[in-house]
Amino acid sequence: RVVIENFPEERTEELEAPNFPDDPPRMGYRKVPFSRVLYIERDDFLEDPPRKFHRLAPGREVRLRFAYVIRCTGVAKDERTGEIVELRCSYDPATLGAPPEGRRVPGTIHWVSAKHSLPVELRLYDRLFTVPNPAGSEGDYKSYLNPNSLEVLGDARAEPSLAEVRPGDRFQFERKAFYIADLRESRQEKPVFNRIVSLRDTWAKMLSAGDV
């Protein structure tokens with residue numbers, strides 16, 4: 001949860017985002033509501049970031065995709081657990097569709113307006129087996145079943161425009177994966193999306209390689 005402290009509480013802006021960033025004229029645009037309180041990915045913030053982390057951190061700036069540049073000015077934590085529950089930020093109103101003056105902002109992250117966001121279920125499918133060829137391995141093939149072959153995110157949040165999807169519609173969720181709306185269980189009030197294939201996460205790749 002991100003609170004943009006210098007954005008008016010009751011104000012909502014309708015920003016324009018291309019449906020397909022590589023060819024906006026052909027695929028058209030959609031409206032994306034922007035408000036004072038936003039949700040971002042947990043992985044897009046680190047309180048004590050390493051050198052090559054180009055996402056949000058205390059005192060750092062990042063661009064919100066198709067929106068403004070924001071700066072993290074404070075962090076609120078749960079008093080009991082110490083878990084980060086809220087980020088306090090400010091936005092630069094001159095940066096909508098324009099680079100910030102006199103400084104470089106290397107990172108861009110995704111977001112949704114909290115009060116306009118649509119609850120969705122994401123089903124993240126992985127390999128069914130833990131070995132490439134269970135039939136050619138010793139023992140019962142069932143012993144090679146991957147217990148983590150399906151992860152369900154039951155309370156994810158998405159843009160409100162996804163309420164109009166139909167079963168079988170396919171999408172690329174930028175920076176994440178390609179998804180298809182479930183043929184049986186997806187519904188307008190809570191769409192269900194099945195992951196088809198993941199996209200490369202540059203930061204995750206750097207972490208696994210120890211190049212941070």
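Bear in mind these aren't lab numbers, they're just calculated from the coordinates by the rules spelled out. Fair warning: this is a prediction, and the values are worked out from it, not measured in the lab. Cβ atoms come from the backbone with ideal geometry, glycine included; neighbour counts cover every protein chain shown.
What to note about this one:
- For the chain, built as a Gaussian network whose Cα springs stay under 10 Å, the top-fluctuating residue of F45, F20, F66: F20
- In this calculation the C-beta distance from E16 to A135 is compared with R0 = 35 Å, giving a FRET efficiency of 0.10.
- Alpha-carbon centroids, segment 107-160 and segment 42-88: separation in whole Å: 25
- For segment 2-113, the convex hull spanned by the alpha carbon atoms encloses 118 Å³ per residue.
- Neighbourhood charge, 13 Å Cβ-Cβ cut-off, centred on A98 and excluding it, Lys, Arg +1 and Asp, Glu -1: 0
- Answer label, with Rg/Rh (Cα atoms, Kirkwood Rh) calculated from the coordinates and candidates (1) 1.01; (2) 0.95; (3) 1.18: (1)
- Segment 1-134 - charge dipole about Cα centre, Lys and Arg +1 at Cβ, Asp and Glu -1, debye rounded to 20: 280
- Count, lysine Cα pairs under 26 Å in the chain, 8 or more residues apart or across chains: 11
- Counted by neighbouring Cβ atoms within 10 Å, the residues D48, D126 run from fewest to most as D48, D126.
- Among T81, L56, W111 - extreme Cα towards positive end, dipole of segment 2-113, charges at beta-carbon: L56
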